[in-house]
Amino acid sequence: MRGDSVDCIVKSPVALQLGDVVSDSVRPGVYITDIVLSTPVSIQEISFKNYYTAYLTVRVLKNEEGSDESPAQWFTCVRNYCLMSSPHTEGGSQDYFSIYRQQMLTEPDNVINVRLILRQPSSVWLNFNIEDIKIYSLAVEGLPDPDSVSSSIQHMWALTEIMQSSQTSASIGRFDVSPSFCFSE
């Protein structure tokens, strides 16, 4: 169970556009959405609803423990994740997606900021974005105490050794079936 989502602030998307915004009438094909987390988080899952975004790249700003030179550094977790089977058609355009920790290129631990880079190369769609963004942290509350697990495993191992050493050499013969016993379908 994933529990509650992490407290965060999702900023408005910012368009990346080459050239002069006033004179160039070309629609931007790239938006960047920043998500600021209230505290450093180890991410388990990022879920969202797509709205005509074709490809998604996820970058995270991580606090590196023990690093004095650079306290925070950007890492790419997911690169060009395909959200629409074809950017020119509607397949996947309004689907819900989840990206899990196991799918990421780097461990998303001690994350303080998430940057979503949205791309839509098709000129068919005037607007595109990602909605209902939720980030879930790695849950460690439900895990048992490692010392008690280790103790239980050692106890089971000892019982196994005792059973193997006390095993008798008498073999169990096969079962005799009475000739009057009938097998039927």
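The values are calculated or read from the model by the stated rules, or taken from the named source; none is laboratory data. Not measured: the values here are computed from a predicted model. Virtual Cβ from ideal backbone geometry, glycine too; neighbours counted across all protein chains shown.
Annotation: Asn129 fulfils all but one of (1) exposed (fewer than 11 other Cβ atoms within 10 Å of the Cβ); (2) touching a Leu at 6+ places or on another chain (Cβ under 7 Å); the unmet one is (1). Only a single criterion out of (1) surrounded by fewer than 18 Cβ atoms within 10 Å (Cβ to Cβ); (2) at pLDDT 90 or above; (3) within 20 Å of Ile133 (Cα to Cα); (4) hydroxyl-bearing (Ser, Thr, Tyr) is not satisfied by Ser85, namely (3).
Results for (1) over 30 Å from Thr39 (Cβ atoms); (2) more than 24 Å from the chain's Cα centre (by Cα); (3) at pLDDT below 70; (4) not in a loop (DSSP other than H, G, I, E, B), shown as yes or no for each residue.
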residue: Glu131; (1), (2), (3), (4): no, no, no, yes
residue: Tyr136; (1), (2), (3), (4): no, no, no, yes
residue: Asp147; (1), (2), (3), (4): no, yes, no, yes
residue: His155; (1), (2), (3), (4): yes, yes, no, yes
residue: Glu161; (1), (2), (3), (4): yes, yes, no, yes
residue: Thr168; (1), (2), (3), (4): yes, yes, yes, no
residue: Asp176; (1), (2), (3), (4): yes, yes, yes, no
residue: Pro179; (1), (2), (3), (4): yes, yes, yes, no
residue: Phe183; (1), (2), (3), (4): yes, yes, yes, no
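From the list Lys49, Lys62, the one residue that fits, being modelled with pLDDT of 95 or more, of a type outside the set (Val, Ile, Thr) and assigned to a strand (DSSP E or B), is Lys49. Here Gln73 does not fit the description of being outside any strand (DSSP E or B) and either modelled with pLDDT of 95 or more or surrounded by fewer than 17 Cβ atoms within 10 Å (Cβ to Cβ) (or both). Looking only at the range 77-94, which residues are part of a loop (DSSP other than H, G, I, E, B) and not small (Gly, Ala, Ser)? Selection gives Leu83, Met84, Pro87, His88, Thr89, Glu90, Gln94. If you go through the range 9-31 one residue at a time, do you hit one that is closer than 17 Å to Asp109 by Cβ, part of a strand (DSSP E or B), modelled with pLDDT of 85 or more and not charged (D, E, K, R)? Within the range 9-31 (the criterion being closer than 17 Å to Asp109 by Cβ, part of a strand (DSSP E or B), modelled with pLDDT of 85 or more and not charged (D, E, K, R)), the answer is no, since none of the residues qualifies.
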